[in-house]
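The values are calculated or read from the model by the stated rules, or taken from the named source; none is laboratory data. All of these numbers come straight from a predicted model, not from anything done at the bench. Methodologically, a virtual Cβ is constructed for each residue, glycine included, from the backbone with ideal geometry; neighbour enumeration extends over all protein chains shown. Keep in mind that these areas ignore ligands, DNA and RNA; they rest on the heavy atoms of the full protein, side chains included. Shrake-Rupley method; radii C 1.70, N 1.55, O 1.52, S 1.80 Å.
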Amino acid sequence: MRFLYYPGCSLKSSGRAYEESLLAVFARLQFPLEELPEWNCCGATAYMGIDEKKAFVLAARNLALAEQHGDGQPVHLVAPCAACYLVLLKTQKYMVEYKPIGRAISDALKSVGLKYRGQVKIRHPLDVLIKEVGLERIRAAVSRPLEGMKIACYYGCQVVRPFAEFDDPHDPMSMDDLLRACGAETVDWPCKVRCCGAMLTGTVEEVGQRRSYMILHEAMRRGVDAVATACPLCQFNLECFQGPMSRRYRDQVEMSVAYFTQIVGKAMGLDERTLGMHRLFIPLRQPPALLGTSHDC
Amino acid sequence: MPGLQIQRRVKYQEELDADFPRRVADMPGAADLNRCIQCGTCSATCPVSSFMDLTPRRVVAMTRAGFKEEVLRSNTIWLCASCYSCTVECPKGIKITDVMYALKRLAIQERAYPRHFPTPVLAREFFHKVRQTGRSNEGQIATVMILKTNPLKLLRQIPLGLKLLVKGRMSLWTEKMSGNKRQLQDLLDYMDTHKELR
Amino acid sequence: MSQSPACPRIGVYVCHCGMNIAKQVAVEAVTEFAARLPGVAVARHYKFMCSDPGQELIQQDIKESGLERVVVASCSPLLHEATFRKACAAGGLNPFCFQMANIREQVAWVTADKGRATSKAKALIAAAVERVSRAQPLERKRLAVGDKVVIVGGGIAGIHAALTIADAGKKVYLVEREPTIGGHMAKFDKTFPTLDCAACILTPKMSSVKNHPNIELMSYSEVEKVEGFAGNFKITIQKKPRYVHEELCVGCGECVDACVFPKAKFPSEFDEGLALRKPVYMPFPQATPAVVVIDPNTCLQLTKGKCKQKCVEACQRGAIDLKQEPEQVEVEAAAVIVATGFKTFDPRGLPQYGYGRYGNVYTSLEVERMVNASGPTGGEVVLKDGAKPRSVAIIHCVGSRDKKTHPWCSRVCCMYSLKLAHLVKERSGADVFSFYIDMRTPGKGYEEFYDRLLEEGVHFIRGRVSHITDWAMTKAEEGKLVVSAEDSLIGVTRRIPVDMVILSVGLEPQPDAQEVRKKFNISCSQEGWFLERHPKLAPVATFTDGVWIAGACQGPKDIPDTVAQAGAAASEALALIDKGYVEIEPNTAEVDPEACSGCKTCLGMCPYHAIRRDEEKGVAVVNEALCKGCGTCVAACPSGAISQHMFTDDEIYQELEGILSYV
């Protein structure tokens, strides 16, 4: 079994800390992820709104490349970005469910010498960590358990719905299980799968930011040290607009928002820089018990 | 007191577009529109329906009845954040998010979206960027979008941009895909030249 | 009655009912009080008198202490009177030498003060003791019952009940007032939600009825009079003259061809007036019995007395008899099942919908005929001018859910409207607009049928239609029927031009429901639907023993529910027959012939027609089988000649004495 890694555009820019921490954690677990060569943008949600068949073709090229890369072996394509994960799954599914789409995509791929037979398994890192690596191995790799740290796991939308099968779309637990294995306390809260506002934070701010604000407000009310995310857009929305939010809603909004991989890496005693901690606008809040135990800072 | 506001609201059947529901239903995922029983679960679960001029339920009802103008000009389709809550909750299995995508595409085709409305502009910029480089660049796309829709806002966004630059979370150049860029463009060109596939 | 010389030995039992009684009533004090009452030989209290040990206490005391009367002070007699009577009988005492005092519902549950509750309980027990001392041993009488059943109405309910009973080996008289059985169901093309052909499932049952050795089919007949009581009814049936000897006619149709009217001229009842018939006609090809009928209102001979009577000539079997007279038949029956069905609402009562004014506004029943392959258009959906409609509106709730017509939901219209939408679309390819208030599809496979129709692309518009007009406001509306409604889900009023409108008319009681109700001595709800004994627990029984109801005469219902009720009514009737007897409670009235003056006052007062006058002796006689012990006659008798068992004056005065002396 090969596990290929599909970063997607965000993990190379705004979500670099996600890529850095993800790769570091998987390396520490001796579970190597190999980046899919020559990958292209998945098409994301914006493309769907203009030309859906082209959007599917964009995603399908990546699937074809991954399948080719497997040389007949089963290939798993790990997509950490929620949007990439969803688009790849959707393409895979719709190619089968809607014959005209399947045919159009196959024809287009054929025109450039590619072929996709539907053999790639699309996986989210949460899924891989729980089902392939296993909590036992993760617990064994934890050198600095996050005792006293209270975290709100925020899964967002597209990681858990509508196509994912590895967790419950209404009450997912994989991230909670993972962070609990790292010694942290996670809270049961109603915002786990509520929308952060997605691209509306940039396009229709008053709508988008209200979503992010309501989620952060609830996290603060529940007294958590940090919100853990599994999506670069969620992380960006929740973290980067706290200033404007505070002004807009006349409420001091301050909350650490980190990728779940950064938090796991921390528990494994990985170096702050390796985990991209320096890229956060708001440093990950240290519970008193953990202060002074990390490698730098 | 200003004069009484009087607006005539009646719909004659001939004002409706009987073909519209068919065009929408032809799009993948939107074919099940007819199954809708108007329960309103989609509107209730939608995180942004409170801002919409037409709730998702009404969009479905009106699409089905042929209210093309009203539907394509509504802000609803552009406020949809693709969170897929409606799709998951719909008791009749209607893929409402896909319906919204279908309506977005029709609105762009028909140029029915509001001028200077950022979402369609963002979508277009994204589309072009990916075609050029195989990758998107959030910073650049956002900048162009703001320039095209509300240039004054750009000033406000400068601090955020700088911060992202410093943190290494935004680059001024686009990272291009490695290797066979030609293949991707050929692929997209193929879709353009084979309209029968669409 | 007679004064009892020695006071009988009485046992009193006070029940705690767990804490139900004991927490409000001082049961020990009450028991001590009871022990001192005259005639009381034994007084006990116990946690649960209705339990086996409680009942055994009574039995034991009867045997060991020689009790002659028993009083139990516990709950309502509705709950446990039968239990304790049985206990008395098991102990060897006549079960009517028993009296119950209700100190739970009438005391413990409704009296806040414990002291008052206790004294109230004492008073009630004293009353019961006094009363029971005058009780007389009584016997329940048994009357043998017959084994035949009369079923009134030959729709699907009557047919199903008849076949069920006949298959059980009992004789059935199936009385139908129309010339054929089949009812409304015979008119339908398809049935929801399975869309199976109505005729395919109904006509085999119709011919089974005709051929069943245990069923006597009396078509074109009506019940005239019902006498008797459960197990022993005497029913007079009038056979209307069909001017054809049923046993001779083979339904060949020669007479119809020969009729002096060269063409069919009169609206066919079966085809809802969409097709024409002659005065001599067969209602429809599968009519059962397959016998022609001559309509006395259109036949020249029968109306004007002048006709060449070609039909008589044409019939080689000599079956036609234009001088036929009504015939009365009297039959005996143990049980009656009334299954007289419904009528559809006449939309002329709602002129805003244009029925009768616009030719292309139809009722749903008319369209049922239209879409029927054997109907007037051979199953084609066509406009009055013969063209196919391109758009059709179906209006739900016409004559339903409307205080001005009928307040009830007719229960079947949503589903049959969906069915018609499907059939109209299938037969004509028209765009169908269905206007509904609420879509009501509760039934097995019904919601799924609605789903199917949604997917078939019927335009469902939630909104009640205000009016249908030919007033064109736009070019596109010219020459069309315009349907106006608020699309309440979109929030805009809409005008939809269509070629054809179908009014989904509601169900209402038969116009003669009141007369039928009186004939069978059953009750009607205010609306005119026959009243069941209990809406949940006795849905096919009536307040008259031996008479059951089934199908839509009890309220709007669909075919599956109707058939279920018919089966239920049939099995309840069979249960009565199988038991073989009816037992009569001895609380009946009795006339003292010495005192009766024969004034007949009581005859008119009796709600159960249980009293007749013995003309020979000139006195009133109570039929114990019919008497319900209501006591009306006892109070009414000017001579004081009537008394009622279990409620003799003596007992009642003594009871009053008891309640007043000890408070």
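A few comments on the model shown:
- Helical runs assigned H by DSSP (4 residues or longer) give chain A a calculated mean residue ellipticity at 222 nm of -12500 deg cm²/dmol, each run adding -39500 (n - 2.57) before division by the residue total.
- Kirkwood-type radius of the range C:344-508, with distances r between different C-alpha atoms, in Å: 15.8 Å
- Spin-label pair C:Glu56/A:Met220, simplified geometry with 7 Å Cα→Cβ offset, distance in nm: 7.5 nm
- Cα-projected label distance for A:Ser143 with C:Ser466, points at 7 Å along beta-carbon direction, nm: 7.9 nm
- Helix C:52-65 and the longest principal axis of the C-alpha atoms of chain C enclose an angle of approximately 40°.
- Exercise: per-residue mean of other protein chain Cβ atoms within 10 Å, A:276-283: 2
- Cβ-Cβ distance of C:Ser208 and C:Lys388, R₀ of 45 Å, FRET efficiency by 1/(1 + (r/R0)^6): the value works out to about 0.70.
- For C:Ser51, the accessible area of its heavy atoms, probed at 1.4 Å with every protein chain present, is near 30 square angstrom.
- Share of Cα-Cα pairs in the range C:254-314 lying beyond 18 Å, as whole percent: 30 percent
- Once the 1.4 Å probe is applied to the protein heavy atoms, the range A:2-125 comes out at 32 Å² accessible per residue.
- Solvent exposure of chain C, expressed per residue, is 44 Å² of accessible area, with all protein chains present and a 1.4 angstrom probe.
- Using the Cβ of A:Thr203 as centre and a radius below 14 Å, the other residues enclosed give a net charge of +2, where K and R count +1 and D and E count -1.
- For the pair B and A, total buried accessible area rounded to nearest 100 Å², probe 1.4 Å: 5800 Å²
- Kirkwood Rh, angstrom, chain A [1 / mean 1/r, Cα pairs]: 19.6 Å
- What the Kirkwood sum gives for the range C:424-549 is a hydrodynamic radius of 18.4 Å, with every pair of different alpha carbons counted.
- In this calculation the C-beta distance from A:Phe31 to A:Gln252 is compared with R0 = 41 Å, giving a FRET efficiency of 0.50.
- Estimated FRET transfer efficiency (C:Cys524, C:Ala112; beta-carbon r; R0 30 Å; 0.05): 0.10
- Relative to the longest principal axis of the Cα atoms of chain A, helix A:82-97 runs at roughly 30 degrees.
- Gaussian network model of chain B, Cα within-10 Å springs - most flexible of B:Val88, B:Val121, B:Val99: B:Val88
- Accessible surface of C:Asp113 - all protein chains present, 1.4 Å probe, nearest 10 Å²: 80 Å²
- Taking every Cα-Cα distance in the range C:173-327 and sorting them into 5 Å bins starting at zero, the pair-distance distribution P(r) comes out as 2, 8, 16, 19, 19, 15, 10, 7, 3, 1, 0 percent.
- On the principal axes of its alpha-carbon atoms, the range B:1-74 has extents of 50, 34, 20 Å, going from largest to smallest.
- Kirkwood-Stokes translational diffusion coefficient of chain C, alpha-carbon pairs, 37 °C, 0.692 mPa s, µm²/s: 111 µm²/s
- For the range A:2-125, the pair-distance distribution built from all alpha carbon pairs, in bins 10 Å wide starting at 0, is 14, 46, 31, 9, 0 percent.
- The solvent-accessible area of C:Glu426, taken with every protein chain present and a 1.4 Å probe, is close to 110 Å².
- Within the range A:153-207, the GluC sites (Glu not before Pro) that combine a DSSP coil assignment with at most 15 other C-beta atoms in a 10 angstrom radius are A:Glu165.
- Mean projection area, nm², convex hull over Cα of the range C:47-194: 17.1 nm²
- For A:His76, net neighbour charge (Lys/Arg +1, Asp/Glu -1) across residues whose Cβ lies under 12 Å away: 0
- Accessible surface ranking for A:Cys240, C:Cys197, 1.4 angstrom probe, highest first: C:Cys197, A:Cys240.
- Mean Cα-pair separation over length for the range C:344-508, i.e. relative contact order, pairs under 8 Å, 6 or more apart, %: 31 percent
- Ratio of Rg to Rh over the protein assembly as shown (Cα coordinates, Kirkwood Rh, two decimals): 1.12
- Pairwise centroid distance, computed over Cα atoms, of the range C:246-310 with the range C:20-77, Å: 76 Å
- When only Cα pairs below 8 angstrom with a gap of at least 6 residues are kept, chain C shows a relative contact order of 14 percent.
- Note on the protein assembly as shown: with charges restricted to the Cβ of Lys and Arg (+1) and Asp and Glu (-1), its dipole about the Cα centre is near 4200 debye.
- In order through the range A:49-60: 3J(HN,Hα) via Karplus (6.51 cos²θ - 1.76 cosθ + 1.60), integer Hz, x for Gly, Pro: x, 10, 8, 6, 5, 5, 4, 5, 5, 4, 5, 5
- Per principal axis, descending, Cα span of the range C:257-398 in whole Å: 51, 48, 28
- Placing a label point 7 Å from the Cα of B:Phe51 along the Cα-to-Cβ direction, the residues of the range B:78-111 whose backbone N falls under 14 Å of that point are B:78-83.
- Within the accessible area of the range C:150-194, the carbon and sulfur atoms contribute 49%, probe 1.4 Å, all protein chains present.
- For the range B:118-197, the solvent-accessible area works out to 52 Å² per residue, with a probe of 1.4 Å and every protein chain left in place.
- Cα-centre dipole for the range C:344-508 with unit charges at Cβ (Lys and Arg positive, Asp and Glu negative), debye to 20: 300 debye
- Ranked from largest, the principal axis spans of the Cα set of the range C:497-606 equal 81, 35, 19 Å.
- Using the Karplus relation 6.51 cos²θ - 1.76 cosθ + 1.60 with θ = phi - 60°, the per-residue 3J(HN,Hα) values for the range C:324-333 come to 4, 10, x, 10, 10, 10, 10, 10, 9, 8 Hz, with x marking Gly and Pro.
- Taking label points 7 Å from Cα along the Cα-to-Cβ direction, B:His194 and B:Glu69 give a separation of 4.0 nm.
- Relative contact order computed over the range A:1-154 (Cα-Cα under 8 Å; 6+ residues apart), in percent: 27 percent
- P(r) tail, the range B:118-197: Cα-Cα pairs separated by more than 19 Å, 49% of all pairs.
- The base-10 log of I(q)/I(0) for the range C:215-299, evaluated at q = 0.12, 0.18, 0.25 Å⁻¹, reads -0.45, -0.83, -1.32 [Debye formula, identical scatterers on Cα atoms, solvent excluded].
- Potential lengthening between C:Gln136 and C:Asp167 on full extension [0.36 nm per residue; Cα-Cα distance subtracted]: 6.6 nm
- Residue with peak Gaussian network fluctuation, chain A [Cα springs, cutoff 10 Å], from A:Pro80, A:Pro37, A:Pro172: A:Pro37
- Per-residue mean of foreign Cβ neighbours for A:104-110 is 4 (Cβ atoms of other chains, 10 Å radius).
- Applying the Karplus relation 6.51 cos²θ - 1.76 cosθ + 1.60 with θ = phi - 60° to the range C:464-481 yields 3J(HN,Hα) values of 8, 5, 7, 7, 10, 9, 10, 6, 8, 9, 9, 4, 5, 8, 5, x, 10, 8 Hz, where x marks Gly and Pro.
- Of C:Ser74, C:Val256, C:Val312, farthest towards positive along the dipole that unit charges on Lys, Arg, Asp, Glu beta carbons give the protein assembly as shown: C:Val256
- The local environment of C:Asp189, defined by Cβ-Cβ distances under 10 Å, has a net charge of +4 under the rule Lys, Arg +1 and Asp, Glu -1.
- Helical runs assigned H by DSSP (4 residues or longer) give chain C a calculated mean residue ellipticity at 222 nm of -8500 deg cm²/dmol, each run adding -39500 (n - 2.57) before division by the residue total.
- Alpha-carbon centroid distance for the pair the range C:110-188 / the range C:196-243, whole angstrom: 23 Å
- Considering only the Cα atoms of the range C:483-547, their convex hull presents on average a projected area of 7.8 nm².
- Relative to the longest principal axis of the Cα atoms of chain B, the long axis of helix B:181-193 makes an angle of roughly 30 degrees.
- For the range A:2-125, carbon and sulfur atoms together expose 49% of the accessible surface, with a 1.4 angstrom probe and every protein chain in place.
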